[in-house]
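The values are calculated or read from the model by the stated rules, or taken from the named source; none is laboratory data. None of these values were measured; they are calculated from a predicted model. Every residue, glycine as well, gets a Cβ built from its backbone with ideal geometry; the counts of neighbours run over all protein chains shown. Keep in mind that these areas ignore ligands, DNA and RNA; they rest on the heavy atoms of the full protein, side chains included. Shrake-Rupley method; radii C 1.70, N 1.55, O 1.52, S 1.80 Å.
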Amino acid sequence: MAGGIFSPLGSCSELEKANCHPLVCLLCHEPYQHPCLLDCYHNFCASCLRGRASDGRLRCPLCGHPSVVRGGTGLPPVDRLLQFLVDSSADSEEDVQCANCDRCCTKAELDTMYFCNTCGQPLCAPCREETHRARMFARHEIVSLSKRTKDIHKKCPLHEEPYIMFSTEKKSMLCINCFRDMQGESRAHCIDIETAYMQGCQRLDQAVMAVKELQTSTREAIVLLKAMIEEVRNSASEEEAAINSLFSRMQEQLSERKKTLLKAVQSQHEEKEKAFKEQLAHLASLLPTLQVHLVTCSAFLSSANKAEFLDLGYQLMERLQRIVKLPHRLRPAQTSKINSEYRAEFARCLEPLLMLSPRRSIVGSAGGIGPGITGTNMLPGGQCSKTLMVPSCPPTSDKMSTGPMVKKPTMHRYISTKVLLAEGRETPFAEHCRNYENTYRMLQTEIQSLKDQVQELHRDLTKHHSLIKSEIMSEILQKSLQMDVQIAAHYSAVEMMRSVFEEVWEETYQRVANEQEIYEAQLHDLLQLRQENSCLSTITKQIAPYVRSIAKVKERLEPR
């Protein structure tokens with residue numbers, strides 16, 4: 001229901017303007033009529049909430065928080081505080097007439113009107129000065145019109161006596177009869193109205209300060225969340241662009257490798273087909289020869305007598321033996337399987353695109369070696385000087401000015417650090433970030449103070465053409481030098497932690513690389529076993545006809 005009534009707020013200014021008038025209902029957009037307070041401390045008119053309760057519960061139209069509703073009305077209790085403000089606002093909009101001179105005051109003059117609580121009459125400023133300054137009115141209580149005491153707050157409704165005390169235990173005002181009716185231990189908690197008012201103002205100030213702190217924290221949280229939403233949007237855009245770019249490059253690489261593999265397959269096909277055709281032609285020419293000699297042997301055995309057999313039989317046997325001993329290529333010289341290793345080739349061509357990001361110590365290119373390290377901080381001999389600039393901070397020494405500026409701004413680092421610390425993992429880097437934020441915030445406060453002082457001096461020069469506070473110039477310079485020393489010391493301390501963190505990062509990277517290598521090797525071994533089994537099955541199927549043919553020939557020759 002809330003989504004249909006309230007549109008999402010886009011900025012902090014819209015958030016502040018969304019409920020700019022505290023006396024206007026958020027549902028009907030009219031001044032409150034009998035305002036009711038829900039458990040979530042949102043207020044709505046009684047008529048706006050009527051009929052919304054179900055099973056003794058009323059869900060807030062704004063935030064959806066359920067509130068318990070008691071009684072047969074189906075409505076939460078009336079907010080007396082807000083009703084008082086509504087009534088006071090209505091009274092302030094009425095025309096006010098001075099009781100002494102009958103002069104009507106406009107709304108612009110209401111701030112100058114007074115009210116005599118003793119007489120119960122409004123007074124204009126002239127009548128207050130001319131008439132109520134007399135001695136007979138010395139004991140009259142005269143206040144501004146906005147702070148007048150209403151009849152309901154003057155007397156006790158039970159005893160019709162004026163209020164004189166306040167019970168801090170029951171948080172209620174007491175008349176003299178109420179005070180007399182109280183027990184002795186309860187009277188110790190009673191104080192006079194003026195003292196109660198002063199103490200109440202002090203406690204209200206404390207409560208207001210707590211609410212202001214919560215308001216500040218809420219606004220900071222809103223800014224942080226909006227920044228994170230923007231960061232998520234930017235990260236999603238960058239990720240989409242990276243995916244599209246990588247996909248395009250992968251398509252290009254795969255297309256080129258596809259053409260190469262298809263050419264290799266065609267080349268293997270032509271070579272194997274040529275070799276098999278040559279072997280087939282040889283065997284095709286051998287088969288008639290064998291058939292002729294088998295028929296010759298059969299005819300010779302059936303027609304030759306013993307003398308003829310002994311005369312010509314040995315020549316025939318020698319010929320058959322020489323035919324058998326000739327180098328006949330009965331078995332295929334190679335398999336019919338065309339293997340281009342396309343999976344490995346595709347993986348090999350994608351490996352440069354899908355590999356992990358290079359480590360900081362590995363030189364990526366001539367212009368950029370790694371995050372925060374470029375070719376400009378390479379030492380002689382190819383060694384890399386591991387220097388990094390502090391963001392939004394000018395170079396203060398040779399060591400700090402050798403590196404480039406960090407790409408990520410301060411706000412991005414602040415948000416990333418908040419997210420890292422919010423994960424709750426206690427690591428050395430998280431502890432370092434927590435200490436760094438405290439020190440950085442202190443240094444930033446000092447720098448901002450120096451900026452304010454310099455701006456004030458600049459304003460003196462531009463407006464007055466002189467230095468009104470010339471004596472603080474040397475103090476600013478001295479503080480600036482001290483801050484420079486502190487920042488350099490903090491930078492050196494952070495720089496000294498690099499070796500510790502790089503060992504952790506290197507160990508993590510090496511562990512991940514080893515796990516990936518083992519995983520890929522496991523997949524490769526399984527694929528290799530499967531391929532070997534497939535080759536065995538193929539070879540078995542190919543030699544099966546030859547085995548059966550040889551077995552038949554052997555059966556025919558064995559009886560002879």
Answer residue from the range 183-202, given it is surrounded by 13 or more Cβ atoms within 10 Å (Cβ to Cβ) and small (Gly, Ala, Ser) and is farthest from the chain's Cα centre (by Cα) among those: Ser186
Quick one: is Glu238 surrounded by 11 or more Cβ atoms within 10 Å (Cβ to Cβ) and not hydrophobic (A, V, I, L, M, F, W, C)? no
Kindly indicate whether Met496 is modelled with pLDDT of 80 or more and exposed (fewer than 10 other Cβ atoms within 10 Å of the Cβ). yes
Verdict on Leu353 being closer than 30 Å to Arg498 by Cα, surrounded by 10 or more Cβ atoms within 10 Å (Cβ to Cβ) and of a type outside the set (Asp, Glu): yes
Under 8 Å by Cβ, and 6 or more places apart or on different chains, what pairs join a residue from the range 308-322 that is of a type in the set (Lys, Arg) with one that is in a helix (DSSP H, G or I)? Arg319/His293
What are the pairs with Cβ atoms under 9 angstrom where one residue, in the range 222-235, is open to solvent by less than 80 Å² (accessible area, probe 1.4 Å) and the other, located anywhere, is modelled with pLDDT under 90 and of a type in the set (Lys, Arg)? Sequence gap at least six, or different chains. Leu224/Lys418; Met228/Lys418
The condition from (1) basic (Lys, Arg); (2) open to solvent by 50 Å² or more (accessible area, probe 1.4 Å); (3) assigned to a helix (DSSP H, G or I) that Lys272 misses is numbered (2)
